[in-house]
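Peer 1: Can you keep this structure in mind? I'll have questions shortly.
The values are calculated or read from the model by the stated rules, or taken from the named source; none is laboratory data. Here the structure is a predicted model, which is why all the values come from computation and not from measurement. Cβ: placed from backbone, ideal geometry, glycine included. Neighbour counts: every protein chain shown. For accessibility, only protein heavy atoms count, side chains too; no ligands or nucleic acids. Shrake-Rupley method; radii C 1.70, N 1.55, O 1.52, S 1.80 Å.
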Amino acid sequence: MGGMIIHGMNKMTTTSTADTAALPSLNGVAALSHLGVIRIEGEDAAKFIHGQLTQDFSLLDLNTARLAAFCTAKGRMLASFIGFKRSATEILLVCSLDILPPTLKRLSMFVLRAKAKLSDATAEFSLYGLAGNTTKVIAISDHSTWAKADIGSSTVVNLYPMDGVPRQLWISPVGEPAPEGETLSTEHWLWSEVRSGVATLSAPVVEAFVPQMLNYESIGGVNFKKGCYPGQEIVARSQFRGTLKRRAFVVHAEAAMAAGDSAFSADDDSQPVATVVQATPAPGGGFDAIVSAQLSAVEKGSMHWGSSNGPVLQVLPLPYPLLDDI
C-alpha cells in the first residue's frame with residue numbers, strides 16, 4: 001500500500017511518546033448501544049446491496065466483512081456501514097443508530113422487484129466492542145482487518161487497531177451470553193474508535209463528505225472495480241483525476257469538540273478549513289477527534305477549533321498509510 005506524503009506535517013504539533021505513555025491500557029468488553037443493525041434477507045440480498053454501496057457485496061464470503069458507504073447521486077455519504085453475511089441469504093449492516101431510520105427508508109426505496117427484504121433488526125442483536133486481551137484469534141494472519149468469523153450464533157469482526165491494540169466488533173442475538181472479559185467503558189471504546197482513524201458517520205455530518213474525505217479508499221471502504229452505485233461517478237472522479245483536497249486526520253484539542261463542529265485557520269474566520277467527524281474525551285484530558293481537513297490547511301500548520309483564535313488542533317500521527325492519488 002502506497003503512502004501519501006502530506007507536506008508540511010512537521011509544522012503541526014504531534015503527541016509525543018511521553019504524552020501517550022500515561023494513557024490507560026485498553027482491555028475489555030464494551031456495550032455499544034449507539035449502534036444499530038439493518039437486516040437484508042432474501043435470495044437477492046447480496047445483489048441488491050451490492051448495487052447501493054461503495055464496496056463489493058456480490059463476492060463477499062462468510063469469512064470477511066466490509067466497510068462501506070451509502071452515498072447520494074452527488075457522491076456525498078448518507079451512512080457508513082460494517083456489513084457481513086450471516087448466510088447466503090442474510091446480510092447485516094451495522095451503522096450509527098441515530099441515522100438508521102432515514103437510511104433504512106432510503107435504501108428500501110430502491111428494492112423495487114429485487115427479492116430482498118430490509119428491516120430494522122437492532123432490537124434482535126446485542127453489540128459489543130472487544131479490545132486488547134479480550135479479542136479472539138479468528139484469522140490466520142493474526143488480526144487482519146475486516147476478517148470475520150462466526151462463533152456459535154455470534155459474529156466477530158476484526159477492526160482497525162488503536163495505537164497497536166487489537167479491536168473487534170461482536171454481534172450476537174439478544175439473550176446470548178456476552179463475550180467474556182472485564183468491562184470496558186463505552187467512553188474508552190469511543191476513544192479507541194477515534195484513535196483508530198476509522199470514522200463512523202452520524203447525523204450531524206450526513207451528506208458532508210465524499211468517502212475519500214474520510215480516507216475510506218485507504219481503509220477498505222471503496223472498491224473502484226465494482227459495478228454502479230449511487231454517486232459512483234463522483235467518487236471515481238475524485239480519485240482518478242487527483243482532485244482530492246480533503247482528508248481525514250486524528251487530532252487533539254483542549255476543547256469539548258463534537259461532530260459537526262468547524263475549525264478555522266489562524267488568519268481567516270470566514271471559511272472553515274476542517275469539520276469534526278467524530279470526537280470523544282481523551283483519558284489524559286482534552287478531546288481527541290477525527291476531522292476532515294483541507295490538505296492546504298494541514299500543510300500550513302495551524303488549525304483552530306471554533307474560530308481563528310480558538311484552541312489549536314494538534315495533528316496526531318495517522319494510524320494507517322494513505323493510498324497515493326491515482
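Peer 1: Please enumerate the residues belonging to the stretch 115-158 that are in a loop (DSSP other than H, G, I, E, B) and either without any contact (Cβ under 8 Å) to a residue 60 or more places away in the chain or touching an Asp or Glu at 6+ places or on another chain (Cβ under 6 Å) (or both).
Peer 2: Answer for the stretch 115-158, where residues must be in a loop (DSSP other than H, G, I, E, B) and either without any contact (Cβ under 8 Å) to a residue 60 or more places away in the chain or touching an Asp or Glu at 6+ places or on another chain (Cβ under 6 Å) (or both): LYS115, ALA116, THR135, LYS136, VAL137, ILE138, ILE140, SER141, HIS143, SER144, GLY152, SER153.
Peer 1: Return the residues of the stretch 175-211 that are closer than 28 Å to LYS245 by Cβ, part of a loop (DSSP other than H, G, I, E, B), open to solvent by 10 Å² or more (accessible area, probe 1.4 Å) and among the small types (Gly, Ala, Ser); say none if nothing qualifies.
Peer 2: SER202, ALA208
Peer 1: Next question, about the same structure. Could you please tell me which pairs satisfy a Cβ distance under 9 Å, a separation of 6+ or placement on different chains, a first residue in the stretch 184-204 that is more than 14 Å from THR275 (Cα to Cα), and a second residue that is charged (D, E, K, R) and at pLDDT below 95?
Peer 2: Close Cβ pairs satisfying both conditions: SER192/ASP163; ARG195/ASP163; SER196/ASP163.
Peer 1: Here is a further query. Being within 26 Å of ILE151 (Cβ to Cβ), surrounded by 18 or more Cβ atoms within 10 Å (Cβ to Cβ), in contact (Cβ under 8 Å) with a residue 12 or more places away in the chain and in contact with a helix residue (DSSP H, G or I) (Cβ under 9 Å, 6 or more places away or on another chain) is true for just one of GLY75, GLY83. Which residue is that?
Peer 2: One residue alone meets the criteria, GLY83.
Peer 1: Just the residues that are surrounded by 15 or more Cβ atoms within 10 Å (Cβ to Cβ) and more than 17 Å from VAL277 (Cβ to Cβ), please, taken from the stretch 305-326.
Peer 2: SER308, GLY310, PRO311, VAL312, LEU323, ASP325
Peer 1: Further, regarding this structure: Can we say PRO230 is within 25 Å of LEU60 (Cβ to Cβ), open to solvent by 20 Å² or more (accessible area, probe 1.4 Å) and in a loop (DSSP other than H, G, I, E, B)?
Peer 2: Yes, satisfied.
Peer 1: Among the residues in the stretch 239-247, are any more than 22 Å from SER307 (Cβ to Cβ), assigned to a strand (DSSP E or B) and either within 19 Å of the chain's Cα centre (by Cα) or at pLDDT 90 or above (or both)?
Peer 2: Yes, that holds for at least one residue.
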